[in-house]
Amino acid sequence: MTWARPLTGPPGEPAEPYMAGPVSTWKARKGYNFYGSAEYLFWWVKGQPLPADLSLSLSDPNDVPELSAHGLNGGRFFLGGWLNDRQDLSVEAGFFFLGSRTFNNAQTFPGSPLDARPIFSGILSESSLLSTSTNLWGTEGNVRYQALKFTCGPGDGFVDLLAGFRFVDLSESVTINSNTTFATAPVLLSDAMITTSDYFGTHNQLCAGQIGADAGLALGRLNMNMYCKLGFADNLETINTSGNTLVNAPPPLGTFAAPGGFFSQPSNIGHFTQNAFAVVPEVGANLTFQVCDRCKLGFGYTFLYLSRVVRPGDQIDGTAGGAQRPPLFFLAGQPQPAFQNFHETSFWAQGINLLVELNY
């Protein structure tokens with residue numbers, strides 16, 4: 001974003017404003033002045049990782065779904081106020097969000113009547129629905145100080161320093177729903193239908209102190225600026241795992257429910273938290289055009305990076321379900337999988353922004 005501030009003027013009088021963009025003709029008022037911006041965001045986020053050996057089918061262990069990066073719509077807003085008449089010191093606050101969106105991957109499998117394992121022979125059909133959701137938002141507050149202003153050829157420029165805090169909240173989930181129907185056969189699960197549901201959710205709450213810099217150049221009505229911010233955060237990481245299985249079969253099994261699905265079992269179901277250190281850099285650039293004294297329109301690009309987060313796909317033990325292992329209640333012995341640890345990775349969001357800026 002860009003805003004108005006004064007050049008040097010006569011002693012005791014408000015100076016001509018310096019725009020982090022064009023030099024306007026309106027006079028700066030004595031006392032406080034404000035600036036703000038509203039932006040439409042279209043950002044892509046890093047694709048959801050899944051285990052390489054994840055199988056959603058008892059009869060086809062090699063069918064692993066792929067989830068790529070996807071685009072999300074959102075918004076970003078800033079409001080700031082100058083603390084002196086020279087307009088070289090201000091405080092500002094910002095908020096952004098990306099709208100939550102669910103992506104589905106549905107698959108059907110023809111079954112494997114010749115499956116050699118006795119308990120799972122005679123599979124008539126299988127289907128699965130894998131759903132992922134991502135919700136990202138954040139807020140920040142900064143003190144802005146004009147460290148440098150200069151003339152560069154036909155234009156005027158500035159360099160501002162930033163210091164403050166930011167908070168970023170990333171919530172994601174993976175849900176796997178599967179249905180398996182068995183044919184009539186002399187096996188335990190003859191004419192049975194098994195429905196399983198597995199849920200893996202993660203929540204990252206990053207509280208960071210941050211520093212940064214913002215540099216811009218005004219060429220007539222055309223404005224350009226680039227900025228970078230670097231935050232050092234404590235990330236409260238949370239993992240939630242749950243699941244259930246419903247069996248609908250003729251006697252002697254009948255209809256009953258059991259805790260755990262294919263990838264979630266009583267051994268790894270639960271609520272887990274830990275704190276971790278993370279780095280949160282953000283870089284961006286904007287190009288705006290002065291349409292009137294106090295309004296500019298433009299577009300830009302933003303890249304936001306979170307160095308250390310938990311994501312739900314990384315918490316799934318792919319070898320624990322599908323064709324590798326039936327639900328727990330069909331097995332004797334030690335329940336698996338056990339909760340191993342917090343499997344961490346990085347996350348990024350990047351994209352374009354269309355913006356409106358006001359100074360008053």
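Suppose we filter the range 147-185 for residues that are in a strand (DSSP E or B) and in contact with a Pro (Cβ under 7 Å, 6 or more places away or on another chain); how many remain?
Let us first name the residues in the range 147-185 that are in a strand (DSSP E or B), namely 147-152, 155-182.
Restricting the remaining residues to those that are in contact with a Pro (Cβ under 7 Å, 6 or more places away or on another chain) gives 172-174.
Residues in the range 147-185 being in a strand (DSSP E or B) and in contact with a Pro (Cβ under 7 Å, 6 or more places away or on another chain): 3 in total.
Taking the residues in the range 282-298 that are farther than 9 Å from V356 by Cα and of a type in the set (A, V, I, L, M, F, W, C) as candidates, determine which candidate is nearest to the chain's Cα centre (by Cα). Quick ask: steps written out before the conclusion?
So the first thing to find is which residues in the range 282-298 are farther than 9 Å from V356 by Cα, and the list is 282-287, 289-294.
Going one step further and asking which of them are of a type in the set (A, V, I, L, M, F, W, C), we end up with 283, 285, 287, 289, 291-292.
Numbers: V283: 16, A285: 21, L287: 25, F289: 31, V291: 34, C292: 36 Å.
Within the range 282-298, the match that is nearest to the chain's Cα centre (by Cα) is V283.
Only residues in the range 29-57 that are over 12 Å from N359 (Cα atoms) and part of a loop (DSSP other than H, G, I, E, B) count as the first member; pair them with residues that are aliphatic (A, V, I, L, M) and modelled with pLDDT of 85 or more, Cβ under 8 angstrom, at least 6 apart or cross-chain, and list the lot.
So the pair list comes out as K46/A349; Q48/V174; L50/V174; L50/I316; P51/I316; L54/I316; L56/L130; L56/I176.
Just a yes or no: is a residue in the range 153-175 among the acidic types (D, E) and over 30 Å from A93 (Cβ atoms)? Break it down stepwise before answering.
First, the residues of the range 153-175 that are among the acidic types (D, E): 156, 160, 169, 172.
Cutting the leftovers down to over 30 Å from A93 (Cβ atoms) gives us none.
For the range 153-175, residues among the acidic types (D, E) and over 30 Å from A93 (Cβ atoms): absent.
Return yes when F256 is under 20 Å from G94 (Cβ atoms) and without any contact (Cβ under 8 Å) to a residue 60 or more places away in the chain and no when it is not. Break it down stepwise before answering.
On the way: under 20 Å from G94 (Cβ atoms): no; without any contact (Cβ under 8 Å) to a residue 60 or more places away in the chain: yes.
For F256, the condition - under 20 Å from G94 (Cβ atoms) and without any contact (Cβ under 8 Å) to a residue 60 or more places away in the chain - is not met.
Would you mention how many residues in the range 72-94 are in a strand (DSSP E or B), crowded, with 18+ Cβ neighbours inside 10 Å and not acidic (D, E)?
8
Residues being assigned to a strand (DSSP E or B) and surrounded by fewer than 16 Cβ atoms within 10 Å (Cβ to Cβ): count how many of those fall in the range 288-308. Break it down into steps so the answer makes sense when it comes.
Going through the range 288-308, the residues assigned to a strand (DSSP E or B) turn out to be 288-292, 295-308.
Then keep just the ones that are surrounded by fewer than 16 Cβ atoms within 10 Å (Cβ to Cβ); that gives 289, 291-292, 295, 297, 299, 301, 303.
Residues in the range 288-308 being assigned to a strand (DSSP E or B) and surrounded by fewer than 16 Cβ atoms within 10 Å (Cβ to Cβ): 8 in total.
Among what's in the range 264-281 and is of a type in the set (V, I, T) and within 21 Å of the chain's Cα centre (by Cα), pick the residue that is surrounded by the fewest Cβ atoms within 10 Å (Cβ to Cβ).
Step one: of the range 264-281, the residues of a type in the set (V, I, T) are 269, 273, 279-280.
Okay, now just the ones that are also within 21 Å of the chain's Cα centre (by Cα), so 273, 279-280.
On the way: T273: 11, V279: 15, V280: 25.
It comes out as T273.
Of the residues G94, G21, which is at pLDDT below 85 and not charged (D, E, K, R)? Step through it out loud before you land on a result.
Working: G94 fails: at pLDDT below 85.
Residue meeting the stated conditions: G21.
Condition first: under 22 Å from D198 (Cα atoms) and either not small (G, A, S) or not in a strand (DSSP E or B) (or both). Now tell me which residues in the range 264-287 satisfy that.
The answer is S264, Q265, P266, S267, N268, I269, H271, F272, T273.
Which of the residues that make up the range 242-263 are surrounded by fewer than 23 Cβ atoms within 10 Å (Cβ to Cβ) and either modelled with pLDDT of 95 or more or in a strand (DSSP E or B) (or both)?
Of the residues in the range 242-263, the ones surrounded by fewer than 23 Cβ atoms within 10 Å (Cβ to Cβ) are 242, 244, 246-259.
Within the range 242-263, S242, N244, L246, V247, N248, T255, F256, A257, A258, P259 qualify.
The values are calculated or read from the model by the stated rules, or taken from the named source; none is laboratory data. As the structure is a computational prediction, the values presented were derived from the model and not from experiment. Glycine also receives a Cβ, built like all others from the backbone with ideal geometry; neighbour counts cover every protein chain displayed.
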